[in-house]
Amino acid sequence: MDELETRELRYVIAVAEELHFGRAAARLSIAQPALSKAIRRVEARLGVPLFIRSSRHVEPTPAGEALVEHGRHALNAVGAAVRRARSAGDSRAPLRLVLKPGGDAGLLSGLLAAYAAEPDARQVDILFSGPADRSGFLRDGRADVGLLYTPFDDLGGLDHEPLHTEDRVAVVPAGHRLAGRGAVLVADLEGETLPRWRGVPGVPGGGGTGPEVADVVQLLHLISTRRMIAVLPRSLVSPVPPGLVAVPVSDAPASTLVLAWNERDRRPLVAAFVTAAQGLVARHPA
């Protein structure tokens, strides 16, 4: 037998994250000798050492690092399968929609109303995410559908339907050197301090070396105190808060709000919401 149980994967991951058998055992609520024995059994079964051990140090081997990386994906997949099975078997389970606060381009109420008119529509639970983890919500089954922005969010493994395309604006404090301009270019932003979005690699016009921010509310506060400027989809700053100015960035890539869902998810629950969104866009094109 060369397969591993999910319990054993959790043991290996806990030791790799804690780098200490005692702390990992406490986290897992098992005795340390039992954890050590279980890890040795896994190593014997795989035929490779997973950890370098000493009296003061625990470190994953390359084999251990590989197992941890792929083991996390395996546990996420198992969790997603369990959640989807329960949802499919429960006709009363709500549909879960994930978005970032304010990240709906003003379409949320219309989407919910369009879906409510669908036969067999269910209650919709709204989940709010950080700046970069909505894709993860959809891949691992924590959410059924989500509102994401391209080209910024990772759509790997997801199907999507475009809902709304808009330009991007530089948000600057009143009195800033760019505040009086009718439009600017990305090159005009050179030398400006731009935010670092938590969990999002830097992208042209969207990433920088300034303070790390977790949401738009925090970002706008930092802009108003002249700590930085930012480039955002126009709908995220509409209306523009007092003391700030939004200047179009003519050559910045357009931002498109999309409805996304896991590409393997063919449940009627999801298909009905997608159909409602398509109908809304057809009736009210951007």
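Read the figures in this text as sums done on the coordinates, not as results from a lab. If you're wondering where the values come from, they're calculated on a predicted model, not measured in any experiment. Using ideal geometry, Cβ is built from the backbone for each residue, glycine included, and neighbour counts are taken over all protein chains shown.
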Take Q32 and T61, extend 7 Å from each Cα along the Cα→Cβ direction, and tell me the distance between the two endpoints in nm.
2.3
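Run the numbers on the stretch 127-286 and let me know its relative contact order in percent, using alpha-carbon pairs under 8 Å that are six or more apart.
Values: 278 pairs, mean separation 61.4, N = 160.
Relative contact order, the stretch 127-286: 38 percent.
Share of antiparallel DSSP beta bridges in the chain, in percent to the nearest 5?
Values: 25 of 35 bridges.
If we restrict to bridges inside the chain, about 70 percent are antiparallel.
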Could you let me know the centre-to-centre spacing of the stretch 239-264 and the stretch 1-59, using Cα atoms, in angstrom?
45
Global form of the stretch 57-192, assessed from the alpha-carbon gyration tensor, a/c cut-off 1.5:
oblate
Putting +1 on Lys and Arg Cβ atoms and -1 on Asp and Glu Cβ atoms, find which of L155, V270, L67 reaches farthest to the positive end of the dipole of the chain.
L67
